[in-house]
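Take a look at the structure set out below.
The values are calculated or read from the model by the stated rules, or taken from the named source; none is laboratory data. As the structure is a prediction and not an experimental result, all values here were calculated from the model. Positions of Cβ are backbone-derived with ideal geometry, glycine not excepted, and every protein chain shown enters the neighbour counts. These accessible areas exclude ligands, DNA and RNA; they are computed on the full protein's heavy atoms, side chains included. Shrake-Rupley method; radii C 1.70, N 1.55, O 1.52, S 1.80 Å.
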Amino acid sequence: RNWNLGQKDRKERESIFEREEEGNTCKTQKTSWLQDCVLSLSPTNDLMVIARGQKAVFLVPKWKYSDKGKEEMQFAVGWSGSLNVEEGERVTSALCIPLASQKRSSTGRPDWTCIVVGFTSGYVRFYTENGVLLLAQLLNEDPVLQLKCRTYEIPRHPGVTEQNEELSILYPVAIVTIDGFSLFQSLRACRNQVAKAAASGNENIQPPPLAYKKWGLQDIDTIIDHASIGIMTLSPFDQMKTASNIGGFNAAIKNSPPAMSQYITVGSNPFTGFFYALEGSTQPLLSHVALAVASKLTSALFNAASGWLGWKSKHEEEAVQKQKPKVEPATPLAVRFGLPDSRRHGESICLSPCNTLAAVTDDFGRVILLDVARGIAIRMWKGYRDAQIGWIQIVEDLHERVPEKADFSPFGNTQGPSRVAQFLVIYAPRRGILEVWSTQQGPRVGAFNVGKHCRLLYPGYKIMGLNNVTSQSWQPQTYQICLVDPVSGSVKTVNLESIDEGLLQFCANKLKLLHLYESVSQLNSLDFHSDTPFSDNALLEKYKEEKTRTATVRFSDDKDGVLPVKTFLEYLEYEKDVINIKKISEEEYVALGSFFFWKCLHGESSTEDMCHTLESAGLSPQLLLSLLLSVWLSKEKDILDKPQSVCCLHTMLSLLSKMKVAIDETWDSQSVSPWWQQMRTACIQSENNGAALLSAHVGHSVAAQISNNMTEKTVSGWGGGAPVLGEAGSVPVRVAKWIFKQDFSPEVLKLANKERDAENPDEPKEDLLHLAYKQFPCSLELDVLHAHCCWEYVVQWNKDPEVRFSSIEHLKHILNAHVQNGIALMMWNTFLVKRFSAATFAAGANRVPFYKQDVGMSDTAMTSFLGSCLDLLQTLMEADVSRDEMQAPVLDTEDAWLTVEGPISIVELALEQKHVHYPLVEHHSVLCSVLYAVMRFALKTVKPLSLFDSKGKNAFFKDLTSIQLLPSGEMDPNFISVRQQAQHSVVKDKESSEEAPSAPFGKDQDWPVLAVDLAHHLQVSEDVIRRHYVGELYNYGVDHLGEEVMAPVLHDREVLASQLLVLTGQRLAHALLHTQTREGMELLARLPPTLCTWLKAMNPQDLQNTEVPIATTAKLVNKVIELLPENHGQYSLALHLIEAVEAISTPSL
């Protein structure tokens, strides 16, 4: 149904709001103005409110003639004006609530409609259709965020809690619920007061007070929307679980579960919050209805256009405004639980008509379906940014119910309650589409193209003032959901008939799939009888029994060919007499194929009957061939154990090939038949070579038989003679995949390539490799095989970066530098550089070691990855140097592949790669070394990119074969200082990790060499790094390693001696001053005053190891004297230290 917004009234309505934005002529704003408005439509379609800022328009339906002369229902302006009373307040929410008539002879139409408006000032005001203010309430001083209403509904089942009517008001940190009966009585009294005041001018009847509850919501950051679920009672189990969670295992439990009011909020932290307020825990608050304006009703009613409550003098008005009503404090209510998602922010929530489900929208463009009772998310729709949601409920007509024979269920007769179907309506404004979805796991049953600037209106309530008696005699004409289109100026409702038709078609399609499932199951059963009929009702009953049966766990050793009916229906879809397979995983695809063909392949089911059944159901031959091959190629072990299955495959393939549209008789004889090409491609791509070879021979045999009756062109897919399983270059690909599965080391490949030794036979797997080498000496040449292994390993690593990166090991075993260079460059460009750059920027943002969110890898895997990148870059530089000294290899191929075409091999691609720019590769290697150190030692203070100037940064992550402008000449001293500090951090953290008992060895032992090499590239003095490393070794008490590293220090040996002299003083100061022994104090008194003063100035706290033997320290002092010349200023101090060390080491001390 459509209602139009009349042109004249549309212009008047738009002009009211556009006066505030004069000069705004943008077309987008003219069509999207409705999105900025507060909009409400009465569920009885008799009143619409549009408000923005301080202004509002009340629209009422009237019969008018359209521009085409046709009489139609149009919404016309009934009242317009400003609603604000307080200065600066704006409208935030509005509701149009129809109120039931108290007359016994009511026709079902509401008596009148009340407009409820919330403001930023916290006020909630109630108006008549004519804009007359009935009453105003200030229940909280925060802005009103949302108004929602619940009206009476007859409980559908016995035992279901009867819900009271209420008006809920959401504030930023509170919810106020006004009792519906109290509100209904107050509104009637206020409206009667208006009528009587209009007649007499001064009659004043005080209406009853409003009963409300006010809850202060706690433990939640922000609240955007809410849903008041109503009163609910926990089951005994849930009661015990809740009591245990809150009060522990000693919590007391009442005999009967308490009744609670449930509220759900959406916002942030938690994204969705669940609140439960015990009934009777707090008494309802009573608010005196603000009807102090009775004396001015007379003047208000006779005021021509204002619609307000008359006017007082300026001083009287100010006095009234200053006397704000008392605001009662809220009762604290903590969140019981929620859906914690710190990144997700809820935007709206919409409760289903049955109060069992709720739909939530968020800022990620998701629509999430919640189970209200269990408090969990049960479904999610993606790709619905800025979505607007609502519900449609279809109730069964009991008179149309057809009872089934022998059906004693409550739904099998007309005496049971009406069944209902709930549909979620989603309006996606960015796509301009309105969708209707069946819940909870149902499909989309309707879709409508609408405008992109519409508003979806779902009241969620009906008429207020009914009860369990009056509601049965009333048949109110209310809509459930509608769409307001500002472009066409129309109000549209969703056609339930089209949804029913879509749902009926959906059920009919599912029923056809059930028939297919039953047919296949009977064919696969041992007691199959072809004349056994099964009706629709029997199928549905059988399906219902299986659905209600307790779910069982299916283990890996279950029988093949068994598929639950629920799973079967989830895999397939039926549309226009054709069955297609949904997007499912490879394992699920094999399971479906096994259900169809496994018994046939073992001779346990009729192949002819199965093919006829599947073809009649609407499955295409191409789809059946794909399913058959998926089963055959994935069950290699079972197939090889049962040779008779080859005959069954031959029969099955023959029957499929004879189906219509399987082999096109008009196909060009000079090209390959698509039917056989499909089978050939599946065999080539399979990793199970035995099953693939068998199926290829069977396919070739079937093709040869068909060619006798048709033409030679059908065999062209197999090349006319024996089947050629594979393409040129496919052998090393398959062998590389097999090597990856076996996880052979590169050395095994080299050993297997050598001649056999009779005295030392190989392992069986190595023997298989040797046989493959003999059969394909060219295709499996060592460099070619290593190259394919490199590629296979890196492809598999890219799927799961947490596994060990083994490609580098095979890369290093490639002997020809041309192949090695090309493979390394392809690996870098295809798989590594993207993750490497992500790791660099993450380290620059100080997110070490938390790399999981940045590059999809754990910190352990990232460390290994960076080490492999460093190896690859160094291998690439070595290959670039070596390739000038050797020629590119000549790739040979076996004679069997000369007439077979195929894609270009990985080795050929590698040889086509350009020369790398050595300085650019070296530049990346330096960055990789720094990143490796940062990640290995968790150096959070080192930002790798800060070590390079603008030229260096710009050159990163560019094509390694390109010429880039790199840093040259003298470096800025500031960069040198930063680099030196970074180098010191690497050396220091390396030393600390080496002293740890569990520190790993191997590659870490090369860190000092790497640090010195980095110093050369970073223009940092190598001697500075070595001196720092020596000092750190002595600082950690590893004096013997310090002596070894000290030898290469060529310059400034006096500086090193001075550093070690201070360290010696720190050791002696700890031994003499911090042990506080009598002998130590006596020795300290005998020392020269100069030495004693110097020792007291030392700080032993800088020492990383204070338990170094005094004999070891004596050796250190002697080493210092060797490094210091006699004319050095500290030489005499060193001599005094020798005497002190000797005195400490004497037995008397």
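What the table below lists for this structure:
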{"quantity": "Qualifying residue in region 61-75 (condition: within 14 Å of Glu129 (Cβ to Cβ), open to solvent by 30 Å² or more (accessible area, probe 1.4 Å) and assigned to a strand (DSSP E or B))", "calculated": "yes"}
{"quantity": "Failed item, numbered, when Gln262 is tested on (1) touching a residue at least 24 places away in the same chain (Cβ under 8 Å); (2) open to solvent by 10 Å² or more (accessible area, probe 1.4 Å)", "calculated": "(2)"}
{"quantity": "Conditions (1) within 24 Å of Leu39 (Cβ to Cβ); (2) surrounded by 15 or more Cβ atoms within 10 Å (Cβ to Cβ): number failed by Gln477", "calculated": "(2)"}
{"quantity": "Qualifying residue in region 8-31 (condition: surrounded by fewer than 18 Cβ atoms within 10 Å (Cβ to Cβ) and either modelled with pLDDT of 90 or more or assigned to a strand (DSSP E or B) (or both))", "calculated": "no"}
{"quantity": "Residue among Thr607, Thr613 that alone is of a type outside the set (A, V, I, L, M, F, W, C), open to solvent by less than 30 Å² (accessible area, probe 1.4 Å) and assigned by the TED database to the domain that holds Leu693", "calculated": "Thr607"}
{"quantity": "Selection from region 427-455 of residues that are farther than 16 Å from Ile378 by Cβ, touching a Ser or Thr at 6+ places or on another chain (Cβ under 9 Å) and of a type in the set (Val, Ile, Thr)", "calculated": "Val436, Val445"}
{"quantity": "Positions within region 112-153 being open to solvent by 20 Å² or more (accessible area, probe 1.4 Å) and of a type in the set (Ser, Thr, Tyr), in sequence order", "calculated": "Thr120, Ser121, Tyr123, Tyr152"}
{"quantity": "Some residue of region 934-947 being of a type outside the set (Gly, Ala, Ser), part of a helix (DSSP H, G or I), modelled with pLDDT under 85 and surrounded by fewer than 19 Cβ atoms within 10 Å (Cβ to Cβ)", "calculated": "yes"}
{"quantity": "Residue tally, condition in contact with a helix residue (DSSP H, G or I) (Cβ under 7 Å, 6 or more places away or on another chain) and among the hydrophobic types (A, V, I, L, M, F, W, C), over region 866-904", "calculated": "11"}
{"quantity": "Contacts under 6 angstrom Cβ, first residue in region 447-460 being within 9 Å of Pro429 (Cα to Cα), partner part of a loop (DSSP other than H, G, I, E, B), 6 or more apart", "calculated": "Val450/Gly432; Gly451/Gly432; Gly451/Val487; Lys452/Pro429; Lys452/Gly432; His453/Pro486"}
{"quantity": "Any hit, region 158-179, residues being touching a Pro at 6+ places or on another chain (Cβ under 7 Å), hydrophobic (A, V, I, L, M, F, W, C) and under 24 Å from Ile223 (Cβ atoms)", "calculated": "no"}
{"quantity": "Helices (runs of 4 or more DSSP H) contained entirely in region 568-661, each with at least 3 residues that are of a type outside the set (Val, Ile, Thr) and touching a Phe, Trp or Tyr at 6+ places or on another chain (Cβ under 8 Å)", "calculated": "586-601, 621-634, 644-657"}
{"quantity": "Cross-chain or 6+ apart pairs with Cβ under 8 Å, region 579-591 first and farther than 19 Å from Ala508 by Cβ and in the same structural domain as Phe568 (by the TED database), then open to solvent by less than 70 Å² (accessible area, probe 1.4 Å) and part of a strand (DSSP E or B)", "calculated": "Ile581/Leu572; Tyr589/Ile581"}
{"quantity": "Selected residue (only one of Val1038, Val1030 is buried (at least 18 other Cβ atoms within 10 Å of the Cβ), over 22 Å from Gln1130 (Cα atoms), assigned by the TED database to the domain that holds Ile1110 and modelled with pLDDT under 85)", "calculated": "Val1038"}
{"quantity": "Counted residues, region 174-217 - those being outside any helix (DSSP H, G or I) and either at pLDDT 95 or above or open to solvent by less than 30 Å² (accessible area, probe 1.4 Å) (or both)", "calculated": "14"}
{"quantity": "Which listed residue is assigned by the TED database to the domain that holds Phe841 and closer than 21 Å to His810 by Cα, from Ser905, Ser929, Ser950", "calculated": "Ser905"}
{"quantity": "Complete set of residues in region 439-468 that are surrounded by 16 or more Cβ atoms within 10 Å (Cβ to Cβ), among the charged types (D, E, K, R) and in a strand (DSSP E or B)", "calculated": "Arg455"}
{"quantity": "Search result, residues across region 870-899 that are among the hydrophobic types (A, V, I, L, M, F, W, C) and touching a Ser or Thr at 6+ places or on another chain (Cβ under 9 Å)", "calculated": "Leu870, Leu872, Leu873, Leu876, Met877, Leu891, Trp897"}
{"quantity": "Residue within region 424-438 that is in a loop (DSSP other than H, G, I, E, B), at pLDDT below 90 and open to solvent by less than 50 Å² (accessible area, probe 1.4 Å) present", "calculated": "no"}
{"quantity": "Evaluation of Glu1107 against (1) open to solvent by 20 Å² or more (accessible area, probe 1.4 Å); (2) of a type outside the set (A, V, I, L, M, F, W, C); (3) within 60 Å of the chain's Cα centre (by Cα); (4) under 17 Å from Gly1031 (Cβ atoms) (one fails), failing number", "calculated": "(4)"}
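Residues are listed down the side, and each one gets a yes or a no for (1) among the aromatic types (Phe, Trp, Tyr); (2) farther than 27 Å from Gly390 by Cα; (3) modelled with pLDDT of 75 or more:
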| site | (1), (2), (3) |
| --- | --- |
| His453 | no, no, yes |
| Tyr461 | yes, no, yes |
| Gln472 | no, no, no |
| Gln477 | no, no, no |
| Thr493 | no, no, yes |
| Lys510 | no, no, yes |
| Gln522 | no, yes, yes |
| Phe528 | yes, yes, no |
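Residue-by-condition table, conditions (1) outside the structural domain of Glu1043 (by the TED database); (2) touching a Phe, Trp or Tyr at 6+ places or on another chain (Cβ under 9 Å); (3) in a loop (DSSP other than H, G, I, E, B):
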{"position": "Asn1105", "(1), (2), (3)": "no, yes, yes"}
{"position": "Ala1114", "(1), (2), (3)": "no, no, no"}
{"position": "Glu1126", "(1), (2), (3)": "no, no, yes"}
{"position": "Ala1134", "(1), (2), (3)": "no, no, no"}
{"position": "Glu1139", "(1), (2), (3)": "no, no, no"}
